[in-house]
Amino acid sequence: MVFSLTQSSSRQREIIEIVFSNGWDFMKSLLTGGKTGKPQIPPPEVLCNILVELGPFYVKLGQLLSTRPDLLPPKYIDALTALQATVPTVPWFEIELTIRNELTRPIEEIFQEIDPNPIAAGSIAQVHRAVLRDGKAVALKVQRPGIDTIVAQDIVLIKGIAELAALTDFGQDYDVVALAKDFTKAVQAELDFRTEAGYTDQLRRNLAKSRWFDQQNLVIPEINWDLTSKKLLVMEWLDGKPLLQADVPSKKQTQAITTILFRAFFQQIFVDGFSMRIPIPAIFSI
């Protein structure tokens, strides 16, 4: 696969323009078939800007890279870890249309209310709080409109870039083609929310049988299967804070949370043999 300014799709040209405008010389040479030499990664802030401008698919790539300290220095890991917060939200009218298209009944018959302001926005979806007709609060995870088309398009480009990168010194040290395949497979799995719903249910059932911790201290949300579809995930609303933002007043409580996490992961992987590529929400209470 050859990238050039004269022989490329509109998406390829868009990628090249973004890379050019942010001044990443190494990637410019890679995309245009020039001499690359040793990989030169842009400053962390520039790298994050490029990924955000390229769109949700590449934001997801940045999030994956944030889990690979073997590939990037700590300052890059820190910058990429915070990348989730920089994802722009989708206007409510687009989200509402997706919800209506995924439901089998009018939205007014199912919900008392839906907060049009998202509580979180990610590369694949964004989350809104809603209240069902019976008064139960739920979280609606709604897929970004058109993200499936974008992902299909960008997967081809990512694979092409990986094949080119494999020819560089960096590519000799790391199997970038395998990394690209692993990444694209994980993203494709995330596009069907029924898969995530199934994982969530399975994890909740598995951990409910554990005798290693108090079940009230680790809660996995219940899935509303009647309303869940490929692009809409409806689950029990759980109040809480991100683990890294929570106020843990004592060392003893920190140790207790760490113990629960370790025991839950140990059971999940080594006892139940249950591993998953998709992150599952959970609430800790100590």
Extreme residue, farthest from Leu83 (Cα to Cα), among residues of region 44-68 that are hydroxyl-bearing (Ser, Thr, Tyr) and buried (at least 18 other Cβ atoms within 10 Å of the Cβ): Tyr58
Checking the structure you have, find out if any residue of region 223-240 is within 24 Å of the chain's Cα centre (by Cα) and at pLDDT below 85. yes
Can you tell me which of Pro88, Pro106, Pro116 is under 20 Å from Leu232 (Cα atoms), surrounded by fewer than 16 Cβ atoms within 10 Å (Cβ to Cβ) and touching a His at 6+ places or on another chain (Cβ under 8 Å)? Pro116
Among the residues of region 210-239 satisfying the criterion of being among the hydroxyl-bearing types (Ser, Thr, Tyr) and under 24 Å from Arg144 (Cα atoms), which is surrounded by the fewest Cβ atoms within 10 Å (Cβ to Cβ)? Ser229
Hits in region 101-127 - residues which are farther than 21 Å from Leu80 by Cα, in a loop (DSSP other than H, G, I, E, B) and touching a helix residue (DSSP H, G or I) at 6+ places or on another chain (Cβ under 7 Å): Leu103, Pro116
Residues (among the acidic types (Asp, Glu) and either in contact (Cβ under 8 Å) with a residue 24 or more places away in the chain or within 16 Å of Ile223 (Cα to Cα) (or both)) located in region 104-133: Glu109
Selection count, region 138-158, where residues are of a type in the set (Gly, Ala, Ser) and exposed (fewer than 14 other Cβ atoms within 10 Å of the Cβ): 2
Can you confirm whether Val142 is of a type outside the set (Ser, Thr, Tyr) and outside any helix (DSSP H, G or I)? yes
Leading residue by the ranking (modelled with the highest pLDDT) among those in region 165-190 that are within 20 Å of Pro145 (Cα to Cα) and buried (at least 17 other Cβ atoms within 10 Å of the Cβ): Glu190
With the structure loaded, tell me whether Asp201 is without any contact (Cβ under 8 Å) to a residue 40 or more places away in the chain and either touching a Phe, Trp or Tyr at 6+ places or on another chain (Cβ under 6 Å) or in a helix (DSSP H, G or I) (or both) or whether it fails that test. yes
The conditions are (1) outside any helix (DSSP H, G or I); (2) at pLDDT below 95, and Phe57 fails exactly one of them. Which is it? (1)
Per the list (1) assigned by TED's automatic domain parsing to the domain that holds Arg129; (2) closer than 26 Å to Gln153 by Cβ, residue check on Glu108 breaks on (2)
Selection from region 233-269 of residues within 30 Å of Glu96 (Cβ to Cβ) and either part of a helix (DSSP H, G or I) or of a type in the set (A, V, I, L, M) (or both) yields Leu233, Val234, Met235, Leu238, Gln245
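The values are calculated or read from the model by the stated rules, or taken from the named source; none is laboratory data. Just so we're clear, the structure is a prediction, and the values are computed from it rather than from any experiment. Cβ coordinates were reconstructed from backbone atoms using ideal geometry, including for glycine residues, and neighbour counts include every protein chain displayed.
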